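Structure, as structure tokens:
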Amino acid sequence: MKRLALIALLPLLLAAGDPATETEHVVTEGETLSGIANRAGVPKEMIIAANGLQDPYEVRRGQKLVIPRQKIHIVKEGDTGLSIGRRYGVPFENIAIANGMQPPYAVKLGQRLIIPAVIAAPERPAPARTEPYFRRPHDGAVLAGFQRKDDKGHEGIDIAVKTGDMVRASAGGRVVYAQADSGRFGRLVVIDHGNGWRTRYGHLSRITVKLGDLVRSGERIGLAGSTGSATRPELHFDILKDNEPVDPAKKLPQR
């Protein structure tokens, strides 16, 4: 019986494929991008770049992913980023990304570098998102929801927090406002996400970014508090499109 069961499962196991040896992997039920990258032994960032994936980098069953194969280079005396890139025919910026390096991308003697494969540009690149993928800036319960009445309602949501809790950027962008006293919202941070989208974070006890900073989705931008007109620790959060308030409940993932 066991042998028959294994024979019956064999086609499924073969269809699933093994990212460790494949150059193209078909996503199966329950797989995640991180899991595929770990099994393939390829940095997740390289799979993202090779397939033109968009944040939040979710994969779906049946999706075909290019798995960029790679080589390893040990930095020797006299090696430079430019010479290493020329040797393998790969822009050194791509090598730096694959190895999590930061500008100015200096190499060190004996350093072990992953050399990513050169991937041809896809014939049909994935369309760029014009709307950010918003995540929750804090995991607390919603104390007050969105309500607009002749421009005098509540233009965002208030989230229950504890003083000192981390407040995260809902999406990546640039800090365009970081003020210690904004009036009603006390310490306030505003992030511009491009294409007319902005998010605001109010009643902070501390601001941990400064004007002009580039922040990533999920990065800390401040600590929660009760500054301004807040009567309890809470985070006021709102989303704006072309300076018009948008109900965050329609943009944030379900709890």
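The values are calculated or read from the model by the stated rules, or taken from the named source; none is laboratory data. Here the structure is a predicted model, which means the values were calculated and not measured. Cβ sites come from the backbone with ideal geometry, for glycine too, and all protein chains shown count toward neighbours.
Could you grab me the full set of residues in the stretch 233-246 that are over 14 Å from SER170 (Cβ atoms) and either modelled with pLDDT of 95 or more or of a type in the set (Asp, Glu) (or both)? Across the stretch 233-246, the qualifying residues are PRO233, GLU234, ASP242, GLU244. Of all the strands (runs of 3 or more DSSP E) wholly in the stretch 129-220, which have at least 1 residues that are of a type in the set (Gly, Ala, Ser) and at negative phi? By residue number, 142-144, 157-160, 173-179, 197-207.
Residues that are part of a strand (DSSP E or B), out of contact with any Pro (no Cβ under 9 Å at 6 or more places or on another chain) and not charged (D, E, K, R) within the stretch 84-115 comprise LEU113, ILE115, listed in sequence order. Just to verify a result, which residue in the stretch 189-230, among those that are of a type in the set (Val, Ile, Thr) and without any contact (Cβ under 8 Å) to a residue 24 or more places away in the chain, is surrounded by the fewest Cβ atoms within 10 Å (Cβ to Cβ)? Among them, the one singled out is THR208. Looking across the stretch 221-245 at every residue that is of a type outside the set (Val, Ile, Thr) and assigned to a loop (DSSP other than H, G, I, E, B), the one that is farthest from ILE157 (Cα to Cα) is identified as ASP242. Once the stretch 1-51 is narrowed to residues that are over 24 Å from PRO91 (Cβ atoms), part of a helix (DSSP H, G or I) and β-branched (Val, Ile, Thr), the residue that is modelled with the highest pLDDT is ILE36. Of note, ARG124 satisfies the criterion of being over 20 Å from the mean Cα position of the chain (by Cα), part of a loop (DSSP other than H, G, I, E, B), modelled with pLDDT under 75 and on the phi < 0 side of the Ramachandran plot.
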